[in-house]
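This report concerns only the one structure given below.
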């Protein structure tokens, strides 16, 4: 990969070629017939008037190509025993004054696509309709993921209808599959190359959080701390945030997906930050809680330490062969003990709290989700043949571990000294052959370490 190249991905063309070949093999196991699979990169979206949002290709497309230009179609074919990939993309446009590249920057173009991206063939996206129609006349099965790009759903519906009409007999297209089933299972198990990138994404996000800790002062606004954090992400090489940063002071931390980030920070309150970066197309996802004035109060420390204990128990449960739900079960068991110890739930045993899920009032979310190119990454959570049974963790899986306790200021079931305290502690955990690795370990989470960073500055 060369700097400033339209070729976007962090890996070699050979890596993406191998992924395409693996997917073709997986799809071939599902059908004995010839087939074609289609993947769309997405189009630019209008932000306002003629101004567009920054473009990032759809993750499945990006995973298979490493290429992030809009209006591009990847076509994987298995016809007459021959498996290969084709790319339909925008042509070069350097015409004086009005040319798209003059205004918007260099395009890869058809001529360079084969050599740069390692596909077998490339052609102009404006020819895609005739090319697809020709392909549908040759195969009885296609793979297209309906529901993600409605405008293309309509086009494929028309193309399939036309192919079936022209066949003058049995429907030409006899099966329509969804390649995401196989592709997302591929994405769920990270390779050594991907793990290296995700480890760096975790390191950068950790340093961003450390900068946020150091910049805390009563009287600053939530958005000021967000800007410090995100500046560090960009400074260290991240292309963007992985999702909208949550920077929530005081009772705002009890709103799980707080987005406003506009309030002034008050001395004596806590600040919850849930933020990660995207580095080389892979996300990190960290949550930490900091004392705005530099020191946790005794009540805040009590709640914080119970959440930390639950998180450490959940991380310890991450190992190959364990069910996906094992970390969550370990976390809520500790939280149940904490809710009793804090006097929030009275006259109930840990068993009663777990049986009736009484903890849900104070932690209304799960403990984990997959992490990868998407912050809520692809991959199933239950077994295909038994949807009631959780999948088992495998080496190469990356998941978040993020228990929390949220005591809203208007919740009278909570002792007054705890009201308005929201705590969530989140790390990114890689399952290894021997256990696990915390990819976000550089981000402090012990109270003493956090207070050392957030304390008064001379």
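The values are calculated or read from the model by the stated rules, or taken from the named source; none is laboratory data. No experiment lies behind these values; they were computed from the predicted model shown. In this analysis, Cβ positions are derived from the backbone assuming ideal geometry, glycine residues included, and neighbour counts consider all displayed protein chains.
For the stretch 238-260, give me each residue that is touching a helix residue (DSSP H, G or I) at 6+ places or on another chain (Cβ under 8 Å), farther than 17 Å from residue 208 by Cα and crowded, with 20+ Cβ neighbours inside 10 Å.
Those that are touching a helix residue (DSSP H, G or I) at 6+ places or on another chain (Cβ under 8 Å), farther than 17 Å from residue 208 by Cα and crowded, with 20+ Cβ neighbours inside 10 Å: 249, 252, 258.
Return the pair list, or none, for Cβ contacts closer than 6 Å from residues in the stretch 3-30 that are in a loop (DSSP other than H, G, I, E, B) to residues that are exposed (fewer than 14 other Cβ atoms within 10 Å of the Cβ) and at pLDDT 95 or above, at least 6 apart or on different chains.
11/193
Pick out the one residue from 294, 372 that is touching a helix residue (DSSP H, G or I) at 6+ places or on another chain (Cβ under 9 Å), surrounded by 22 or more Cβ atoms within 10 Å (Cβ to Cβ) and in a loop (DSSP other than H, G, I, E, B).
On the way: 294 fails: surrounded by 22 or more Cβ atoms within 10 Å (Cβ to Cβ).
After ruling out the rest, the residue left standing is 372.
Do the conditions hold for residue 210, that is, is it in the same structural domain as residue 411 (by TED's automatic domain parsing), in a helix (DSSP H, G or I) and in contact with a helix residue (DSSP H, G or I) (Cβ under 8 Å, 6 or more places away or on another chain)?
Details: in the same structural domain as residue 411 (by TED's automatic domain parsing): yes; in a helix (DSSP H, G or I): yes; in contact with a helix residue (DSSP H, G or I) (Cβ under 8 Å, 6 or more places away or on another chain): yes.
For residue 210, the condition - in the same structural domain as residue 411 (by TED's automatic domain parsing), in a helix (DSSP H, G or I) and in contact with a helix residue (DSSP H, G or I) (Cβ under 8 Å, 6 or more places away or on another chain) - is met.
Within the stretch 116-137, does at least one residue satisfy the condition of being more than 28 Å from the chain's Cα centre (by Cα), surrounded by fewer than 18 Cβ atoms within 10 Å (Cβ to Cβ) and touching a residue at least 60 places away in the same chain (Cβ under 8 Å)?
Checked against the condition, which is being more than 28 Å from the chain's Cα centre (by Cα), surrounded by fewer than 18 Cβ atoms within 10 Å (Cβ to Cβ) and touching a residue at least 60 places away in the same chain (Cβ under 8 Å), the stretch 116-137 yields no hits at all.
Test each condition in (1) over 31 Å from the mean Cα position of the chain (by Cα); (2) more than 27 Å from residue 180 (Cα to Cα) for residue 81 and report the one that comes out false.
Result: residue 81 fails condition (2) only.
Within the stretch 58-90, how many residues are surrounded by fewer than 22 Cβ atoms within 10 Å (Cβ to Cβ) and either assigned to a strand (DSSP E or B) or not assigned by TED's automatic domain parsing to the domain that holds residue 112 (or both)?
So the answer is 9.
Touching a helix residue (DSSP H, G or I) at 6+ places or on another chain (Cβ under 6 Å) and either modelled with pLDDT under 95 or on the phi < 0 side of the Ramachandran plot (or both): does that describe residue 65? Quick ask: steps written out before the conclusion?
Details: touching a helix residue (DSSP H, G or I) at 6+ places or on another chain (Cβ under 6 Å): yes; either modelled with pLDDT under 95 or on the phi < 0 side of the Ramachandran plot (or both): yes.
The answer is yes for residue 65.
Pick from 275, 317, 283: which is assigned by TED's automatic domain parsing to the domain that holds residue 389, free of Cβ contacts under 8 Å to residues at least 60 places away in the same chain and crowded, with 19+ Cβ neighbours inside 10 Å? If you could, list the steps in order and put the result at the bottom.
Numbers: 275 fails: free of Cβ contacts under 8 Å to residues at least 60 places away in the same chain; 283 fails: free of Cβ contacts under 8 Å to residues at least 60 places away in the same chain.
Testing whether each residue is assigned by TED's automatic domain parsing to the domain that holds residue 389, free of Cβ contacts under 8 Å to residues at least 60 places away in the same chain and crowded, with 19+ Cβ neighbours inside 10 Å leaves just 317.
Checking residue 10 against (1) within 26 Å of the chain's Cα centre (by Cα); (2) over 19 Å from residue 143 (Cβ atoms); (3) surrounded by 20 or more Cβ atoms within 10 Å (Cβ to Cβ), which single condition isn't satisfied?
(3)
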